[in-house]
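Below is one structure; the comments refer to it alone.
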Amino acid sequence: MSTDMKLEVVVIAVSDVDRSTKFYQSLGWRLDVTPPGIVQLTPPGSSCSVQFGASLTTAAPGSAKEYLIVNDIVATRDELVAAGVEVDEIFHATPQGPASGPDPERRSYLSRATFNDPDGNTWLLQEVTTRLPGRIDPGPTAYASATDLAAAMRRASVAHGEHEKRIGAEDPDWPTWYAEYMVAEQSGTELPL
């Protein structure tokens, strides 16, 4: 297929709509306008929302397992804990199985933590700063929030410092280099040298 298809909404089952609405709003999720009987909330920086309501699904409350991508798993976990959410300890994937703490090199896709909503729906936090090749179209590059953009700019700044060491001079066209780096990092294409 050549037409765009973007995931808009994920439906989860909950037993108490009011309790779940309060829980997700306590995480800073935006309450969107919806038809009667449907609650839709959107996580900060997300293009995809979550919906629940009494007649939306026949799934059992607590049966969902969803992923939330974050650019700093430690900061995100700290914010959730400060909001009163019980979040499991951070772990990272290794060839031998899960290991305690974030990935020592903070490589994308490896550091994770989980939490549950009041019904037991599981949310897995996954730290992603650089997407796998082809995961994001490099044409319409965008950042979901000022936090994501600032983090990308910090990574580009560090990489640009290394670039200037390699070329042995100041780079007068640093804005172009930053832009190319940030687009390549986000889309998973080869980073500039």
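Here the spin labels are modelled as points 7 Å beyond Cα on the Cα-Cβ line, and at Ala75 and Thr42 they lie 2.1 nm apart. Magnitude of the charge dipole for region 146-187, about its Cα centre and with charges confined to Cβ atoms of Lys, Arg (+1) and Asp, Glu (-1), is about 160 debye. Computed over region 47-150, relative contact order equals 29 percent, with contacts defined as Cα pairs under 8 Å that lie 6+ residues apart. For the pair region 26-53 and region 69-125, the centres of their Cα atoms are 22 angstrom apart. When only alpha carbons of region 146-187 are considered, Rg and Dmax amount to 10.4, 32 Å. What FRET efficiency comes out for Ala151 versus Thr34 if R0 is 41 angstrom and r is the Cβ-Cβ distance? Round to the nearest 0.05. Efficiency computed from Cβ-Cβ geometry: 0.85. Please build a GNM for the chain, connecting alpha carbons under 10 Å apart, and tell me which residue among Thr176, Thr76, Thr130 fluctuates the most. Evaluated over the chain, the most mobile residue of the options is Thr176. In sequence order, region 97-109 has phi-based couplings of x, x, 10, 5, x, x, 4, x, 9, 6, 6, 4, 6 Hz under the Karplus curve 6.51 cos²θ - 1.76 cosθ + 1.60, θ = phi - 60°, and Gly or Pro positions carry x. Between Pro175, Thr21, Thr42, the Cα set farthest toward the positive side of the dipole of the chain (charges on each charged residue's Cβ, about the Cα centre) is that of Thr21.
Of all lysines in the structure, those lying under 24 Å Cα to Cα from Lys6, and not within fewer than 8 positions of it along the same chain, are Lys65. Between Ala59 and Lys22, full extension at 0.36 nm per residue minus the direct alpha carbon distance yields a gain of 11.2 nm. Taking a sphere under 12 Å around the Cβ of Ala159 and counting the other residues whose Cβ falls inside, with K and R at +1 and D and E at -1, yields a net charge of -1. Computed from label points 7 Å out along Cα-Cβ, the spacing between Lys6 and Ala83 is 2.2 nm.
The candidate values are [x] 134; [y] 163; [z] 152; the one derived from this structure for volume of the Cα convex hull per residue in Å³ carries the label [y]. Overall, the ratio between the Cα radius of gyration of region 80-180 and 2.2 N^0.38 Å, rounded to two decimals, is 1.39.
Values in this text are rule-based calculations from the coordinates and carry no lab data. What you see is a predicted model, and the numbers here were worked out from it, not measured in a lab. As a convention, Cβ positions derive from the backbone with ideal geometry for all residues, glycine included, and neighbour counts pool all protein chains shown.
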